[in-house]
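Chemist: So that we are looking at the same thing, I have put the structure below in structure tokens.
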Amino acid sequence: MQNQRTKSGRTTIHDVAAAAGVSISTASKALNNTGRMAQGTRDRVKRIASEIGFRPNALAKSLLSNRSFTIGLLTNDTYGRFTLPVMAGITEALADHGVSVFLCTIEDDPALGKVHVDAMLDKHVDGIIASGKRIDRRLPVDLSNLPVPVVYAFTEGAPDSVTFCADDFQGATLAVKRLIDLGRRRIAHVTGPESFVSVRERSQAYRSLVGDAFPVFYGEWSEAWGHEAITRLWMAPGPKPDGIFCGNDQIARAVVDGLRERDVRVPEDVSVIGFDNWEIVAAQTRPPLTTVDMNLKALGREAGLTVLALAEGHAVEPGIRTLPCELIIRQSCGGDSKL
């Protein structure tokens, strides 16, 4: 189809209307999903607009709708371990709605946080999504009483807000049940600092299924701690574990390495399961690591669609919404992958 353009080279709504054989008004309504017309007509106008390269004028669109079609993502997770998959989900959810996302990292600096929030408001964002490094800490910036909706994802939210987080108890239950189903009966739990809510939730799930035959080994989120925990377990008197559930994948990788150094085979002698599904760690562990995926991308999608709904004026019930985790089966736990 011949592409007709203005002198500036830009395809306009006039070109769309002419190519589709409809009035400019009808073309506009079809592209903006307004007005009454046959669905076939609406679909045809959209198809032709796409074929001839029509792109709506963003400024005109924002002026007509009183929206900027941008969402701000604010985080103190400067490494991006949790925020990047959340952002991927947000972007995926909003792209089809013509909404862009821009990311601002604030470390743990309240002054920098205020600078970025003010900049977002100056840009007339339609809403803000706050994300972080842990679910039981707020970002170091006041996000209450802003003139735009705020949704929280993987960080503590304000009262009466909408907050999304992974179901740590359910995720840990998946992991420990997997070990039990594999016939493991002496299951240890090596995890991070007890001050984290997520650590306590996972430990409670572990205890509810295996009791207190082993103490919970609380420590740091590090490979060094994973090595140290194996040393403690193998130096302690009594039976050694035949299954180990780890609080994150870094700990789990070090646990696997520590077992190998003692000529303990994984998974033949000891099954190991991690948490997070940090693929750069889990896939490079030898053997590759079975682990719990918190589905952060899905969490981001839900947060994105929710802030969009709020920006469009829809009522959304406040509260904490937990999304289920998924067990990713690899070789470190052994057994039939269909168990």
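Chemist: P(r) of region 230-278 in 5 Å steps, Cα pairs, percent per bin?
Modeler: 5, 21, 33, 26, 11, 3, 1
Chemist: Okay, next question. How high is the relative contact order of the chain? Use alpha-carbon pairs under 8 Å, at least six apart in sequence, and give a whole percent.
Modeler: Relative contact order, the chain: 17 percent.
Chemist: Per the 1.4 Å probe, what fraction of the accessible area of the chain, in percent, lies on carbon and sulfur atoms?
Modeler: Here it works out to 51 percent.
Chemist: Using 0.36 nm per residue, how much length does the chain from VAL197 to ASP136 gain when fully extended, once their Cα-Cα distance is taken away?
Modeler: Difference between extended and current length: 21.3 nm.
Chemist: So I have (i) 180; (ii) 130; (iii) 120, and one of them is volume of the Cα convex hull per residue in Å³ calculated from this model. Which one is it?
Modeler: Here the calculated entry is (i).
Chemist: Let me ask something additional. Suppose R0 equals 25 Å; then what is the FRET efficiency for ARG81 and ARG260 from their Cβ-Cβ distance, rounded to the nearest 0.05?
Modeler: 0.45
Chemist: Continuing with this model, one more query. Heavy-atom accessible area of TYR152 with all protein chains present, probe 1.4 Å, nearest 10 Å²?
Modeler: 20
Chemist: Rolling a 1.4 angstrom probe over the protein heavy atoms, how many square angstrom per residue are accessible across the chain?
Modeler: Ligands and nucleic acids excluded, the result is 49 Å² per residue.
Chemist: For region 124-209, take the convex hull of the Cα atoms, compute a quarter of its surface area, and give me that in nm², please.
Modeler: Mean orientational projected area (region 124-209, Cα hull): 7.1 nm².
Chemist: Of all DSSP beta bridges located in the chain, what percent are antiparallel, nearest 5?
Modeler: The antiparallel fraction comes to roughly 10 percent.
Chemist: Here's a follow-up. Output the 0 to 90 degree angle, nearest 10, between the alpha-carbon long axis of helix 110-122 and the longest principal axis computed from the alpha carbons of the chain.
Modeler: Approximately 30 degrees, to the nearest ten.
Chemist: Can you give me the angle between helix 197-210 and the longest principal axis of the chain, using Cα atoms only, in degrees from 0 to 90, rounded to the nearest 10?
Modeler: The helix 197-210 is inclined about 50 degrees to the chain.
Chemist: Label-point separation (nm) for SER100 and LYS177, each offset 7 Å from Cα along Cα-to-Cβ?
Modeler: A separation of 4.5 nm, rounded to one decimal place.
Chemist: Under the Kirkwood approximation applied to all pairs of distinct alpha-carbon atoms, what is the hydrodynamic radius of region 217-257 in Å?
Modeler: In region 217-257 this quantity evaluates to 10.3 Å.
Chemist: Can I ask one more? How big is the gap, in Å, between the Cα center of region 83-104 and the Cα center of region 151-201?
Modeler: So the separation of the two Cα centres works out to 25 Å.
Chemist: Return a whole-number percent for the relative contact order of region 287-339, with Cα pairs under 8 Å and 6 or more residues apart as the contact set.
Modeler: It comes to 62 percent, rounded to a whole number.
Chemist: Could you tally the net charge around ALA30, taking each other residue with its Cβ under 9 Å from the Cβ of ALA30, Lys/Arg +1 and Asp/Glu -1? Don't skip to the end; give the middle numbers.
Modeler: Details: positive: LYS29, ARG42, ARG44, LYS46; negative: ASP43.
Result for the neighbourhood of ALA30: +3.
Chemist: Restricted to Cα positions, what overall size does region 175-286 have along the principal axes? Three whole-Å values, descending.
Modeler: 33, 32, 26
Chemist: Just from its helices, what would the mean residue ellipticity at 222 nm be for the chain, if runs of 4 or more DSSP H residues each count -39500 (n - 2.57) and the sum is divided by every residue, rounded to the nearest 500 deg cm²/dmol?
Modeler: It lands at -12500 deg cm²/dmol.
Chemist: Something else about it: Compute the acute angle (0 to 90°) between the alpha-carbon long axis of helix 168-181 and the principal axis of greatest extent of the alpha-carbon atoms of the chain; round to the nearest 10°.
Modeler: On a 0 to 90 degree scale, this one is about 50.
The values are calculated or read from the model by the stated rules, or taken from the named source; none is laboratory data. Note that the structure is a prediction, hence the values are computed from the model and not measured. Neighbour counts are summed over all protein chains in view; Cβ atoms, including those assigned to glycine, are modelled from backbone coordinates with ideal geometry. Remember, those area values only see protein heavy atoms, side chains included, never the ligands or the DNA or RNA. Shrake-Rupley method; radii C 1.70, N 1.55, O 1.52, S 1.80 Å.
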